[in-house]
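Chemist: Got a structure here, written out as structure tokens. Questions coming.
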Amino acid sequence: MTHWKPYQLLTALAFAIPAIALSASPGLAFSSEAQQMCSGDAMRLCSNEIPDIPRITACMHRKRAQISPGCRALMDREVASARKARRAAAADE
């Protein structure tokens, strides 16, 4: 297991956590809401995957049942938004 210095961990989380929480919505990927709601979950559940964003994302989805209600709601909202956008784009084609 890699040992992270506190500043390295905080830097990695500053970029990784929002991307995880809002991976379905890249335009909003670095919101403070995502950082606030999901940082603790990512640290608690997927810290061994940091800083690999795709692996953190996959971990968070695998452990969805263990994610806090706030982070889960944020992820659900963004997934629904991304699905709606994909449907609208498909309808325009």
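Chemist: Given the conditions (1) modelled with pLDDT of 85 or more; (2) exposed (fewer than 15 other Cβ atoms within 10 Å of the Cβ); (3) among the acidic types (Asp, Glu), which single one is not true for GLU93?
Modeler: (1)
Chemist: Test ARG72 against the criterion of being surrounded by fewer than 17 Cβ atoms within 10 Å (Cβ to Cβ), at pLDDT 85 or above, in a helix (DSSP H, G or I) and of a type outside the set (Gly, Ala, Ser), and give yes or no.
Modeler: Judged against the criteria, ARG72 is not a match.
Chemist: Of ALA42, ALA65, ALA34, which residue is open to solvent by 60 Å² or more (accessible area, probe 1.4 Å) and assigned to a helix (DSSP H, G or I)?
Modeler: When all the criteria are applied, what remains is ALA65.
Chemist: Something else now. Within segment 75-87, is even one residue at pLDDT below 85, among the acidic types (Asp, Glu), assigned to a helix (DSSP H, G or I) and open to solvent by 50 Å² or more (accessible area, probe 1.4 Å)?
Modeler: no
Chemist: Looking at (1) in a loop (DSSP other than H, G, I, E, B); (2) at pLDDT below 60; (3) surrounded by 12 or more Cβ atoms within 10 Å (Cβ to Cβ), find the lone condition where PRO51 falls short.
Modeler: Condition not satisfied by PRO51: (2).
Chemist: Which residue pairs have Cβ atoms closer than 7 Å, lie 6 or more positions apart in sequence or on different chains, and pair a first residue in segment 71-87 that is closer than 13 Å to MET60 by Cα with a second residue that is of a type in the set (A, V, I, L, M) and open to solvent by 60 Å² or more (accessible area, probe 1.4 Å)?
Modeler: Qualifying pairs under 7 Å: CYS71/MET37; LEU74/MET37.
The values are calculated or read from the model by the stated rules, or taken from the named source; none is laboratory data. All values derive from a computational prediction rather than experimental measurement. Backbone-built Cβ (ideal geometry, glycine too); neighbour counts: all protein chains shown. Heads up: the accessible areas ignore ligands, DNA and RNA and are worked out on the full protein's heavy atoms, side chains in. Shrake-Rupley method; radii C 1.70, N 1.55, O 1.52, S 1.80 Å.
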